[in-house]
Amino acid sequence: MKKIILIIVNIIIIAFIGVMISIKAFPKSEYPVDIEKCVCVDVNGILGDTGSINDSIRKTAEKLGFNIMIYVAGSADADKTDYEIERYSENIYDDNFGAGTSGLIYYIDVSGRSPAYDYLSASGFARDIYRNKYSDITEYAGKSLPPSTEPVKKEHVSNAINAFLRDIESYAKSPVDYTLILLCFGIGVATFIILFFAIKYRYRFKHGQDSAVYVAGDKTHFTNEQDIFIREYTTKTKIQTSSHSGGSHGGGGHSGGGSHR
Amino acid sequence: MESTEYKCPNCSAGLTFMPETQKFGCEYCSSEFEVAYIQQLYADEENATGTVDTAEIQDFEEHTNLYHCASCGADIMADDEQTALFCYYCHNPVILSGKLTGEYKPDKIIGFKLTREQAENRFKEWVKKRWFVPKDFKTDEQLEKMTGLYVPFWTADCDMKADVEAIGKKIRTWTSGDYKYTNTKEYAIARKADIITEGIPADGESKIEDLLMESIEPFDYDDLKDFSMSYFSGFFADKFDMGKADVFPRIKQRATQAGKKVIDSSIFGYDSVIYSHENYRILGTKWQHIMLPVWFMTYRYKDKVYEFAVNGQTGKLAGTPPLDSAKLALFSSAIGLAVTAVSFLIGGFLI
């Protein structure tokens, strides 16, 4: 019983320290936030005056310590494919803030294409915060937008932007990566358990004496030693063939993801 | 009318005649013997000219004191020149309980070759590699508990018949086109052998772990000498509390294992062997009561007794090291934590 308690206590300690380690302190960006350039680009002018929206974006950018840009697509963007939207967003970001800086660009697809593709891209240390969360964020903000076949109103877009800003702020407030915690915690606990039981095994009694040493070889003899061939048979089986395919591709300074409406 | 009670040549229990097989059978060890074999055996014994040296037995009875441990029940023998004060097993005081009868006199003995200092050094080397034993297991006080002890053993020379049948397979595989071909050749294997084992030992002390004593084997029987009380000087000796019949199952098991090895080593060249019939029968056993030298030590930790033994002739050692679980858990946790931390650092950069 004592051993079990001891093991549980150790697992709890490992878990606690794991959580402590995994709560990441935000690194300061090498580049200062370019507040003036943190804006909403409204191609078709759906929002009309973007002054208050820009204020909100800048406020959030200042708080989080990285650049934020929102691009509200217009009818001119309707012909873009998903891939083109991704490259286009990243290029706009790099052109606006410079490559390698830390920040986000949120592409809101209200161009009229169907299905619409909202895309979020991060660069610099913003990638560490929103890693694997891109689709969650775009889906959450996208709930404020109508289906791609319906007309878009000003409130839809402003609500989506506000939801987006709230969401990225809330993710930034809880930067604990639970997948990483579980993985590292698992590795630590597995190490503990394997080590504990492997060493414990070494402390068990090892018995080793072969009784064959007591055979008097000169007095032992075989009275019958026969190996008689009885039969032979051959079987054949068809060899199963299988094919594999696969591949990988990598990206540069941006990572991102999005969702369709 | 005088009747003869036949004893089992293997384990010395009484033999009974079995009408269904027309043989003598031992209910204790399940051995069976032809009537003619047993009658011949007894006729040989009656004609034997050997006599028991009564002077030696008398000497043994007069000069051997028996001490009893009231705590663990151990019976310790010592010559009348020395006094046993503490039990080698539980380290409690022992009391003189009388003299021994001649039946406990061993036939042969191997004297100690390993000095106390050498035995202690062997222990120190062994324990040095074990980090997680309790601290006091390594102390000089613990080392003082090491006792030079003559352990009573029964050794058995077994005359065994082996009869084995098996099917052996030789398998060859090759590929041609889209097909894999497997060619199998089967052979009927038959082996019969007369196997003699000599000196399989079994300790006659129930308190000492049997496997511990097996683990410090083998002893070199070339050093076996006729028993003399002089060997006891400076050492203690244990009185057996298990007779031949009690240890025979162990002897039988080990003799069978040895026989199986002989048979197995004669079957080779096959990819698989399936045994269909295996019979190892012990026809007769010759016994000896011998004393073998062992440096013995016990250690009580968390209500469990850990035994440690060094072969007093060859220096081979065996034992169960006690494990300080708290110490081990602490060490494992530290490594686990370090691995966790490194994983987080690596994970933070890579993911």
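The values are calculated or read from the model by the stated rules, or taken from the named source; none is laboratory data. Keep in mind that what you see is a predicted model, and the values were worked out from it rather than measured. For neighbour counting, all protein chains shown are included, and Cβ atoms are generated from backbone atoms with ideal geometry for every residue, glycine included. Surface areas here come from the heavy atoms of the whole protein model, side chains and all, with no ligands, DNA or RNA. Shrake-Rupley method; radii C 1.70, N 1.55, O 1.52, S 1.80 Å.
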Result row for chain B, helices from DSSP H with C-alpha axial extent 24 Å or more and mean Kyte hydropathy at least -1.0, is B:244-265, B:325-350
Local charge sum around A:ASN96 (other residues, Cβ-Cβ under 12 Å, Lys/Arg +1, Asp/Glu -1)? -4
Added length on full extension, which subtracts the Cα-Cα distance from 0.36 nm per residue, B:GLU32 to B:ALA334: 102.6 nm
Distance (nanometres) between label positions extended 7 Å along Cα→Cβ at A:LYS153 and B:SER206: 9.6
Hey, what's chain B come to in accessible area per residue, 1.4 Å probe, Å²? 49
Hey, what's the per residue convex hull volume over the C-alpha atoms of the protein assembly as shown, in cubic angstrom? 280
B:GLN253 paired with B:ASN92, simple spin-label distance in nm, labels 7 Å along Cα-to-beta-carbon: 2.9
Just to compare against my own numbers: the Cα pair-distance distribution for the stretch A:30-174, 10 Å bins, whole % per bin, please. 12, 47, 35, 6, 0
Nearest 0.05, what FRET efficiency do B:ASP271 and B:GLU117 give at R0 = 56 Å with Cβ-Cβ as r? 0.60
The relative contact order of the stretch A:30-174, taking Cα pairs under 8 Å that sit 6 or more residues apart, comes to a percentage of 22
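So, counting K/R as plus one and D/E as minus one, what does the shell of residues with Cβ under 11 Å around B:LYS135 add up to?
0
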Share of the stretch A:30-174's accessible area from carbon and sulfur, percent, 1.4 Å? 46
Trypsin sites (Lys or Arg not before Pro), loop per DSSP, at most 12 other Cβ atoms within 10 Å - longest free stretch of chain B: B:130-301
Relative contact order of chain B (C-alpha contacts under 8 Å, at least 6 apart) in percent is 24
Charge dipole (debye, nearest 20) of the stretch A:30-174; +1 at Cβ of Lys and Arg, -1 at Cβ of Asp and Glu: 400
Rg and Dmax of the stretch A:64-117 over Cα atoms: what are they, in angstrom? 11.7, 35
Which is the longest run of chain B containing none of the GluC sites (Glu not before Pro) found in DSSP loop states (not H, G, I, E, B) with at most 10 other C-beta atoms within 10 Å? B:21-351
Mind scanning A:LYS200/B:LYS161; A:LYS206/B:LYS135; B:LYS7/B:LYS99; B:LYS99/B:LYS302 and naming the pairs with a C-alpha gap bigger than 32 Å? A:LYS200/B:LYS161; B:LYS99/B:LYS302
In nm, spacing of pseudo-spin labels at A:ASP79 and A:PHE222 (7 Å Cα→C-beta vector): 9.0
Report the one residue of A:TYR119, A:PHE185, B:GLY111 whose Cα lies farthest in the direction of the positive end of the charge dipole of the protein assembly as shown (charges on C-beta: Lys and Arg +1, Asp and Glu -1; origin at the Cα centre). A:TYR119
Multiply the residue gap between A:ARG202 and A:LYS238 by 0.36 nm, knock off their C-alpha separation, and tell me the result in nm, one decimal place. 8.3 nm
Measuring from its Cα centre, the protein assembly as shown shows a charge dipole (+1 at each Lys and Arg Cβ, -1 at each Asp and Glu Cβ) which, in debye to the nearest 20, is 2320
Of A:TYR233, A:SER259, B:SER215, whose Cα points farthest to the positive end of the dipole of the protein assembly as shown (charges on the beta-carbon: +1 Lys, Arg; -1 Asp, Glu; origin at the Cα centre)? A:SER259
In order through the stretch B:89-102: 3J(HN,Hα) via Karplus (6.51 cos²θ - 1.76 cosθ + 1.60), integer Hz, x for Gly, Pro: 8, 10, 6, 8, x, 10, 10, 5, 10, x, 9, 9, 8, x
Log entry, pair A-B: total buried accessible area, probe 1.4 Å, protein chains only, in Å² rounded to 100, is 5800
Cα-Cα pairs of chain B separated by more than 32 Å (percent): 51
For the stretch B:192-290, which chymotrypsin sites (Phe, Trp or Tyr not before Pro) are both in a DSSP coil and crowded by at most 14 other Cβ atoms within 10 Å? B:PHE268
In the stretch B:183-205, the residues losing 30 Å² or more of accessible area (1.4 Å probe, heavy atoms of protein chains only) relative to their chain alone are B:ASN183, B:THR184, B:LYS185, B:GLU186, B:TYR187, B:ALA188, B:ALA190, B:ARG191, B:LYS192, B:ASP194, B:ILE196, B:GLU198
The FRET efficiency for B:THR182 and A:ASP210, from their Cβ-Cβ distance with R0 = 30 Å and rounded to 0.05, is 0.30
Based on DSSP, what percent of beta bridges with both residues in the stretch A:30-174 are antiparallel, to the nearest 5? 35
Lys pairs in the stretch A:30-174 with Cα under 14 Å (8 or more apart in sequence, or on separate chains) total 4
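What shape does the stretch B:1-42 have by the C-alpha gyration tensor, where a ≥ b ≥ c are the square roots of the eigenvalues, rounded means a/c under 1.5, and otherwise prolate means a/b greater than b/c and oblate the rest?
Rounded, since a/c falls under 1.5.
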Using 0.36 nm per residue of separation minus the Cα-Cα distance, give me the extension gain between B:VAL305 and B:GLU61 in nm, one decimal. 84.6 nm
Amide N proximity, the stretch B:1-43 versus B:GLU165 label position 7 Å along Cα-to-Cβ, cut-off under 17 Å: none
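Can you tell me how the stretch B:242-343 classifies by the Cα gyration tensor, rounded, prolate or oblate, using a/c under 1.5 as the rounded cut?
Cα axes put the stretch B:242-343 in the oblate bin.
Given axes a ≥ b ≥ c from the Cα gyration tensor, I'd like to know whether the stretch B:168-307 is rounded (a/c under 1.5), prolate (a/b larger than b/c) or oblate.
prolate
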Putting +1 on Lys and Arg Cβ atoms and -1 on Asp and Glu Cβ atoms, find which of B:LEU323, B:ALA237, B:VAL294 reaches farthest to the positive end of the dipole of the protein assembly as shown. B:LEU323
